Each structure stands twice: as C-alpha cells, then as structure tokens.
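Below is one structure, written out as structure tokens, with a few remarks after it.
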Amino acid sequence: MKVDVILGLQWGDEGKGKIVDVFTPRYDVIARFQGGPNAGHTIEFDGKKFVLHTIPSGIFHPEKQNVIGNGVIIDPFILFQEVDSLLASNLNPIENLLVSRRAHLILPSHRLLDAAYEASKGADKIGSTLKGIGPAYTDKYSRVGLRVGNLNDSSFNSCYAYLKERHLEIVRQYKFDYINYLIDGLPFDEYEEAWLESVKRLKQFRFVDSEYYLNRCISDGKSVLAEGAQGTLLDIDFGSFPYVTSSNTITAGACAGLGIAPGQIGTVYGIFKAYCTRVGGGPFPTELHNEQGDHLRKAGHEFGSTTGRPRRCGWLDLPALNYAIMLNGVNKLIMMKADVMDSMESIRVCTSYEREGILSDKLPFDLGDEKIHPVYDTLPGWNSSSDGRMILEALPGNLVAYTNYIEQATGLPIEIISLGPDRTQTVFRKGEIKVSA
Ligand code: IMP
C-alpha cells in the first residue's frame, strides 16, 4: 500500500483535523509527521467539539492506530492536557496511540526561549504561538535535543539540567524577566514541576521505532494516512520566511517526519479554504482590512484554536495556491468553509501579482514588498444559504461555478467541499474516496 497525505495549502487552519477525522474510517493508521502543539486541529461530531494539538486526528476511532512520528515535537504537559480531555470523554488514547522514540521533546525552557526571542524582536515579531517550537527544533538541528527514546536513559536528568541551564543563560542574556513570565498561566518552576510529572506519565505510551512500524504496515497491506500540521505557506523553506514555523510542512516533510520513502507516497490531498486566513505576522497580499474581512472572521469563527488570536482574513490567492500544489505534488483538492461566503454578493480571487507594470502568476520571493499588488478576478457570489445542502445537486449554482473556476485555475479536481465544522457537513463531489493501493 501507499501512504496518502493530507496537508494544508495556505497559512494553516485550513481544517485538516476535520478532514483527517472524516477520512479515518477508510484507513488503518493515521500518522502525524511534523509540528507540535502550535497546531490546533478541531474536530466536531455529535454536538461535541475537540481541539487536538499533538495527537493525530484519527484518535476518535478507537479501532484505528494513531502514530506521533519522529518529525513531531512533543510537550508532555500539553500532550497530557489533550489526553485528559479525551479521557474525560471516555476515549483512551493510550490504547491506540504509538509514539516515535525519535520525536524530540519541548522543554519548559524552550518556552522561555521562544518568549525571549519574540520579545526581543519588538514590532518585527513573528507572532509565534510561544509553544517552544522554534527553540526545540533548533536543539534538534544543533544535535543537542532530548528525544522520547532518551526518557529511560540514566543520563536523562543530567541532560535535561544541562539543556535547561544552557537555555536560561541565553534567556538572561536577552534580559528577559523569566521569573515573572507565566507559561500556560504558571510560573516557570510550577510549570516545570507539572511538565516533569507529565514526562513520567508519557512512559505509559508505547514507544516505537515508527519508521519500522510504518514501513511494516505498508508491506503488510495496511493503509496509512499522513497528517500534516500548519500549512505550506508556513514551511521553513518555502513559506514567507522569517514569518514561518520551524518545520517542513510539505509532502517532503511527511517522508522525513515518518521515515517513508518518496516512492511510497500515494495521493496527496491539498486542503484550502475558499478564502484565505493567516494568524501572526508576515505578508498577506490579499488581506482585507474592511468589513468584508470582518465578515469572514465573524462568520468563519476565525480565531486561533491554539491561542484564541483573531485571524487575518482575505481573498483566495491563486499564485500561492498553485505554488503550494507544485511543492506538494497535490493530486486532489479539498475546499473548506465555502459556507462562510454564503452571504457575499461577489467574490474576488487573486490571479496574479503586478510589480511595476509587470504581471506574474508566480509567488514572489519578497511577497511583502510594497511594490507588489495582487490582481483580481471578480466572480458573482451565491448569496444564498448552503446550510443543509449536503448533496451535490443541491449546491447553489454560483458555488458550483466558483468550484469549477478554481479547478480550471489549478488543473486539479476538488474532491470535497466542506460546508461546516461537523463531520456530516461534507459534500463528496467525485464519489467515494479511494485509498491508494
Ligand atoms: P510557531 O510555529 O508557534 O513558532 O509560529 C510561527 C508562525 O506560524 C506564527 O505566525 C504562528 O501564528 C504560525 N502558526 C504556527 N502554527 C500554526 C497553526 O497551526 N495554524 C496557523 N498558524 C500557525
């Protein structure tokens, strides 16, 4: 079997969690490949709402195996907040979640470093979720980080103490007042104590060499779905650097973050919203600073599921979408939150960028340059409710026309249109989803 991939084509928050949950019944294994608790994957069903940060979105199907891959970074404290909320809903993730021994740990002092770095940047701050993502990946690439597989080492405590001291030295150099800084509402010492307790609990999970586990699944004919976090435009290499996250969010990240060879990748599903959002700093050429932007934010509940911050909203950006499609080798598209645009009279779509009279359909390196201006097509809105119209034939005509327009502009089929957060609010345009053989 091949590994199918679901990932985001914009600046994150596309709705990957919902779609992974919808796809899960068709797969045997769901494996998260990068990022950490900066992610917030929201899943709604039976009137209940869950937000996952580290745990794969297949967890709501107890008969399916979920895997946290080597490319993910784990904060045990946050992981156990998720575990405890699932336990409170009679779901026990400890039974169907495997954790890679190679996954790195986010230490409490990584969170201090994140905050110190952001504070030092002033107005140029990235708008990090402050979950310690950049500093934890930095330690991975500096070859000093602690991994899940080190938890039982006799040297774990001394390595932890060494890293913590190294981090605190930097924090002091930055003159960051870490004594009065609260991490998730707790002073450093208290957070550290809770974190160390969570580290003990982490040992309840089955630690595996997930690369061997997943490759055995593939050769045994089991179907694997790889779940991405954040989005392509936040990729460390191809995103709007430096306003990016610290991992490869693209399909190549699934190979590196799970130990899967490129030839084992099957269908790549690219998820995008019918409009665009971004949370945090950085360029966003199609951003709307008017009541249409406010409308999208309000109607789409565009507030961060990890930080609660209001998301910036704007029109769909085709050069950016086509860039993401190219980088990921996307085969099929999934369009989310089209219902949020239900009441719009007209819709704009960026088709190219203009710089000093020259048009280009490429995403420019210096996306934030003030000389660059988006060029738009204007399409009629459907201006009618899509609520409850979950069959293809019932969709408003102009919504179908908008979908066809995007298919034409990308050369790819839009397999699914999502018209709300619940599992049931999903229109399969091309019939049943086929798992790659
Ligand atoms: P970090 O990865 O928390 O350091 O954040 C870096 C940038 O990526 C910031 O602009 C964040 O708002 C953004 N970001 C990180 N994770 C997500 C996500 O899951 N959804 C949307 N934006 C994210």
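The values are calculated or read from the model by the stated rules, or taken from the named source; none is laboratory data. A quick note: this is a predicted structure, and the numbers were derived from the prediction, not measured. Cβ: placed from backbone, ideal geometry, glycine included. Neighbour counts: every protein chain shown.
General remarks:
- Residue among ARG32, ARG101, ARG26 that is surrounded by fewer than 24 Cβ atoms within 10 Å (Cβ to Cβ) and under 30 Å from LYS164 (Cα atoms): ARG101
- TYR275 meets each of the listed conditions (1) touching a helix residue (DSSP H, G or I) at 6+ places or on another chain (Cβ under 8 Å); (2) within 16 Å of the ligand (Cβ to nearest atom); (3) over 30 Å from LEU399 (Cβ atoms) apart from (3).
- Residues that are assigned to a loop (DSSP other than H, G, I, E, B) and either under 20 Å from the mean Cα position of the chain (by Cα) or aromatic (Phe, Trp, Tyr) (or both) within region 65-92 comprise GLY69, ASN70, GLY71, ASP75, listed in sequence order.
- In region 3-47, the residues that are of a type in the set (D, E, K, R), away from the ligand (no atom under 16 Å from the Cβ) and modelled with pLDDT of 95 or more: ASP4, ARG26, ASP28
- Answer residue from region 289-326, given it is among the aliphatic types (A, V, I, L, M) and closer than 14 Å to GLY12 by Cβ and is surrounded by the most Cβ atoms within 10 Å (Cβ to Cβ) among those: ALA324
- Region 128-141: number of residues that are near the ligand (Cβ under 7 Å from one of its atoms) and touching a helix residue (DSSP H, G or I) at 6+ places or on another chain (Cβ under 8 Å): 5
- Just one of the numbered conditions (1) surrounded by 20 or more Cβ atoms within 10 Å (Cβ to Cβ); (2) under 30 Å from VAL5 (Cα atoms) is not true of TRP382: (2).
- Scanning region 289-311 for residues that are more than 16 Å from the ligand (Cβ to nearest atom) and either over 17 Å from LYS337 (Cα atoms) or among the charged types (D, E, K, R) (or both) returns HIS289, ASN290, GLU291, ASP294, LYS298.
- When GLY280, GLY239, GLY314, GLY228 are checked against the criterion of being within 16 Å of the ligand (Cβ to nearest atom), under 20 Å from LEU363 (Cβ atoms) and at pLDDT below 95, a single residue qualifies: GLY280.
- Matching strands (runs of 3 or more DSSP E) fully within region 201-288 where at least 2 residues are within 17 Å of the chain's Cα centre (by Cα): 224-227, 265-273, 276-278
- Residues of region 372-393 that turn out to be at pLDDT below 95 and not hydrophobic (A, V, I, L, M, F, W, C), as a count: 8
- Unmet criterion (only one of (1) within 25 Å of THR245 (Cβ to Cβ); (2) in a helix (DSSP H, G or I); (3) away from the ligand (no atom under 16 Å from the Cβ)) for ALA123: (3)
- So ILE414, is it under 30 Å from PHE60 (Cβ atoms) and either at pLDDT below 90 or in contact with a strand residue (DSSP E or B) (Cβ under 6 Å, 6 or more places away or on another chain) (or both): yes
- Number of the condition not met by ASP114 [criteria: (1) surrounded by fewer than 21 Cβ atoms within 10 Å (Cβ to Cβ); (2) at pLDDT 95 or above]: (1)
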